[in-house]
Structure formats: C-alpha cells, structure tokens
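One structure below.
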Amino acid sequence: MADDRFSVRVHVSAMDNASVVGTSLEAWLGDVEIERSAYASHAGPTMLTLSADLRRKGDLRKAWSGLDQGALVTLLEELPTRLDEEGAVHFRIDLDGLVAGRVALAPPGAPRSAKVRCKVAVYPGQTAEGRLRAMIEAALN
C-alpha cells in the first residue's frame, strides 16, 4: 500500500515574486524540498510551478497544524464532499494569505491559490475519511 502523502502545488506567474512564494511555503511546511519547474504559458511568459511532496509523519503533522483553525474546522465539516474516489482530500490555500503568513482556505473560484491534495494509506478496518478526520482533529488540538 502507498504511504501517506501531502502534496502542495502553486503556479507562479511572471507577475508574482517566486522567491516570496517559496519562502512562504517553507514557513508553512518547514524544512522540505520545494521543486521548481518552469514552462511556457499559452500567453507567452514563462510560468513557474513550485511543488512539495511530504511523506514523513512529522512533515504531515506540521502541514496540518499550520492551517488556521477555521480552515481545519471547515475541512472537518466538508470532508465527505472533498474526498475523491481514491480517498484523497483536495482543497486550496489562499495564496495572498499564505504570503502574509496565514494559511487559510481559498474562497471558491479564487484565481490565486495553492492546490493541496492529501492521500492516506488505508489498512484493513480503516477508511480514508476516518484517517483524514483523525489527522485534522489532531491538528485542532
């Protein structure tokens, strides 16, 4: 079975300061490797994607604990509707808030956000929803 995985991906445009966004991700996620990949956008300027894949238990705890309390409560309430068919939860973090040091959920339709996907390993007698709920509740305490 697969390990637990918390993935964050941010698309940085030519108008954004990539180093500020990268520093903000590091402030939230801690000492993790942030990959940078550049590509040409359909409009012409070069775009950059910053991404981090967390797999260690301590890194996942730090990521969940870094979310503000309102985000955690909302995720707990909406968890069943945010799960995909593979048992992963999806949500977006407000990019402007992240740069300001506040890790909150992005409002629906927000043009500037960091995409997050958390997939957990499920063993006999467990459900993905139950494991994710336990992680979020631990971050709330």
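Please state which of the following conditions Lys62 fails to meet, knowing it meets all the rest: (1) closer than 30 Å to Gln126 by Cβ; (2) in a strand (DSSP E or B).
With (1) closer than 30 Å to Gln126 by Cβ; (2) in a strand (DSSP E or B) applied to Lys62, the lone miss is (2).
Suppose we filter Val12, Val8, Val20, Val73 for residues that are over 18 Å from Ala106 (Cα atoms), of a type in the set (Val, Ile, Thr) and either in contact (Cβ under 8 Å) with a residue 12 or more places away in the chain or surrounded by fewer than 11 Cβ atoms within 10 Å (Cβ to Cβ) (or both); which single one remains?
Answer to the check: Val20.
Considering the stretch 25-50 alone, what residues qualify as being part of a loop (DSSP other than H, G, I, E, B) and of a type outside the set (D, E, K, R)?
Restricting attention to the stretch 25-50, the residues satisfying the condition of being part of a loop (DSSP other than H, G, I, E, B) are 30-34, 41-45.
Once the filter is applied, which keeps residues that are part of a loop (DSSP other than H, G, I, E, B) and of a type outside the set (D, E, K, R), the stretch 25-50 yields Gly30, Val32, Ile34, Ser41, His42, Ala43, Gly44, Pro45.
For the stretch 77-109, enumerate the residues that are under 15 Å from Arg9 (Cβ atoms) and either of a type in the set (Gly, Ala, Ser) or out of contact with any Phe, Trp or Tyr (no Cβ under 7 Å at 6 or more places or on another chain) (or both).
Those that are under 15 Å from Arg9 (Cβ atoms) and either of a type in the set (Gly, Ala, Ser) or out of contact with any Phe, Trp or Tyr (no Cβ under 7 Å at 6 or more places or on another chain) (or both): Ala88, Val89, His90, Phe91, Arg92, Ile93, Asp94, Leu95, Ala106.
Part of a loop (DSSP other than H, G, I, E, B) and more than 30 Å from Gly130 (Cβ to Cβ): is that true of Gly22 in this structure? Before the answer, list the steps.
Values: part of a loop (DSSP other than H, G, I, E, B): no; more than 30 Å from Gly130 (Cβ to Cβ): yes.
So Gly22 does not fit the description; no.
Please find, within the stretch 90-102, the residue that is surrounded by the most Cβ atoms within 10 Å (Cβ to Cβ) out of those that are without any contact (Cβ under 8 Å) to a residue 60 or more places away in the chain and outside any strand (DSSP E or B). If you could, list the steps in order and put the result at the bottom.
First, the residues of the stretch 90-102 that are without any contact (Cβ under 8 Å) to a residue 60 or more places away in the chain: 90-92, 94, 96-97, 100, 102.
When the remaining residues are screened for being outside any strand (DSSP E or B), the result is 96-97, 100, 102.
Numbers: Asp96: 12, Gly97: 20, Ala100: 11, Arg102: 15.
This residue is Gly97.
Could you check how many residues of the stretch 69-88 are under 29 Å from Ser19 (Cβ atoms) and either at pLDDT below 95 or assigned to a strand (DSSP E or B) (or both)?
0
Name the residues in the stretch 103-126 that are modelled with pLDDT of 95 or more and part of a loop (DSSP other than H, G, I, E, B), would you?
Val103, Ala104, Ala106
The values are calculated or read from the model by the stated rules, or taken from the named source; none is laboratory data. Being a predicted model, the structure only gives us computed values, none of them experimental. Cβ coordinates were reconstructed from backbone atoms using ideal geometry, including for glycine residues, and neighbour counts include every protein chain displayed.
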